[in-house]
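Down below is the structure, laid out as structure tokens.
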Amino acid sequence: VTLLEQNPRWRLVPRGQAVNLRCILKNSQYPWMSWYQQDLQKQLQWLFTLRSPGDKEVKSLPGADYLATRVTDTELRLQVANMSQGRTLYCTCSGTGGALAEQFFGPGTRLTVL
Amino acid sequence: QQQVRQSPQSLTVWEGETAILNCSYEDSTFNYFPWYQQFPGEGPALLISISSVSDKKEDGRFTIFFNKREKKLSLHITDSQPGDSATYFCAASPNYNVLYFGSGTKLTVEP
């Protein structure tokens, strides 16, 4: 059963252009949603965890700037700007305790810099 | 600073052998340790996890051994199959929400 949908699945991004990503939660048992990045060397890194609609956070990392927004209980968005190196962005979901606290990854959005 | 370290970077075993993947961590507040399996072009998939109150967790051919005193854990894959060929990531968390990942071990199982 698919818990998360991500779109687009891949995108070519002209240098200097921002791109907007979407993640849709399919199972309300896992309401905590997060973003992770995976760089070209396959290193995974946590970016944000947004729990409630209206939550917003920004972060600048080597190679990209991020703005994350929890739009609704089931939708998470990420704007990626100033990207200088390709990467894959994963949305995750988890519950609030016990076995439901385990974190599940979406299929990812692969970004390539033109 | 890398909070979670994995070794080896790559590992090749023959079908039927036991693959052993190692992981260590720095932060003593980490209390939850999942292992993820990732195939090319896919997102990481949760394979098996352990909390710091246990020293062993078994699920079929996959077993985690955990040594809290030494801050080390290992994933043993018994009777390895070619379909187990993937990259395996060890992760650690103090609160289940933020996962800190190791750099991964690429496992190849030769038939």
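The values are calculated or read from the model by the stated rules, or taken from the named source; none is laboratory data. The structure presented is a predicted model; accordingly, all values stated were derived computationally and were not measured. Backbone-built Cβ (ideal geometry, glycine too); neighbour counts: all protein chains shown. Heads up: the accessible areas ignore ligands, DNA and RNA and are worked out on the full protein's heavy atoms, side chains in. Shrake-Rupley method; radii C 1.70, N 1.55, O 1.52, S 1.80 Å.
Kindly evaluate A:Val71 against the criterion of being out of contact with any helix residue (DSSP H, G or I) (no Cβ under 7 Å at 6 or more places or on another chain), open to solvent by 60 Å² or more (accessible area, probe 1.4 Å) and among the aliphatic types (A, V, I, L, M).
Values: out of contact with any helix residue (DSSP H, G or I) (no Cβ under 7 Å at 6 or more places or on another chain): yes; open to solvent by 60 Å² or more (accessible area, probe 1.4 Å): no; among the aliphatic types (A, V, I, L, M): yes.
No; evaluated as a whole, the condition is false for this residue.
Here are some residues: B:Val4, B:Val53. Which one is of a type in the set (A, V, I, L, M) and modelled with pLDDT under 95?
Numbers: B:Val4 fails: modelled with pLDDT under 95.
Of the residues listed, the single one that is of a type in the set (A, V, I, L, M) and modelled with pLDDT under 95 is B:Val53.
Tell me whether the stretch A:70-90 contains one or more residues that are more than 9 Å from every other protein chain (Cβ to nearest Cβ), outside any loop (DSSP other than H, G, I, E, B), small (Gly, Ala, Ser) and over 15 Å from B:Phe101 (Cβ atoms). Full working, then the answer.
To start, the set of residues in the stretch A:70-90 that are more than 9 Å from every other protein chain (Cβ to nearest Cβ) comprises A:70-87, A:89.
With the extra rule that they be outside any loop (DSSP other than H, G, I, E, B), the set shrinks to A:70, A:75-81, A:87, A:89.
This time we only want the ones that are small (Gly, Ala, Ser), so: A:81.
Narrowing further to those that are over 15 Å from B:Phe101 (Cβ atoms): A:81.
Looking through the stretch A:70-90, at least one residue is more than 9 Å from every other protein chain (Cβ to nearest Cβ), outside any loop (DSSP other than H, G, I, E, B), small (Gly, Ala, Ser) and over 15 Å from B:Phe101 (Cβ atoms).
So in the stretch A:12-40, with the set limited to residues that are within 15 Å of A:Leu111 (Cβ to Cβ) and polar (S, T, N, Q), which one is nearest to the chain's Cα centre (by Cα)? Break it down stepwise before answering.
The initial filter retains those residues of the stretch A:12-40 that are within 15 Å of A:Leu111 (Cβ to Cβ), namely A:12-23, A:35-40.
Okay, now just the ones that are also polar (S, T, N, Q), so A:17, A:20, A:37-38.
On the way: A:Gln17: 18, A:Asn20: 10, A:Gln37: 7, A:Gln38: 10 Å.
This residue is A:Gln37.
Please work out which residue is modelled with the lowest pLDDT, limiting yourself to the stretch A:50-62 and to residues that are away from chain B (no Cβ under 14 Å) and either open to solvent by 50 Å² or more (accessible area, probe 1.4 Å) or within 19 Å of B:Glu42 (Cβ to Cβ) (or both). Looking at the filtered set, the residue picked out is A:Pro62.
Counting residues that are among the basic types (Lys, Arg), at negative phi and surrounded by 14 or more Cβ atoms within 10 Å (Cβ to Cβ), which strands (runs of 3 or more DSSP E) fully inside the stretch A:1-49 reach at least 2?
Numbers: elements: A:4-7, A:10-13, A:19-25, A:32-39.
Strands (runs of 3 or more DSSP E) meeting the threshold: none at all.
Scanning the stretch B:60-93 for residues that are over 17 Å from B:Gly16 (Cα atoms) and open to solvent by 40 Å² or more (accessible area, probe 1.4 Å) turns up B:Phe65, B:Asn67, B:Lys68, B:Arg69, B:Glu70, B:Lys71, B:Lys72.
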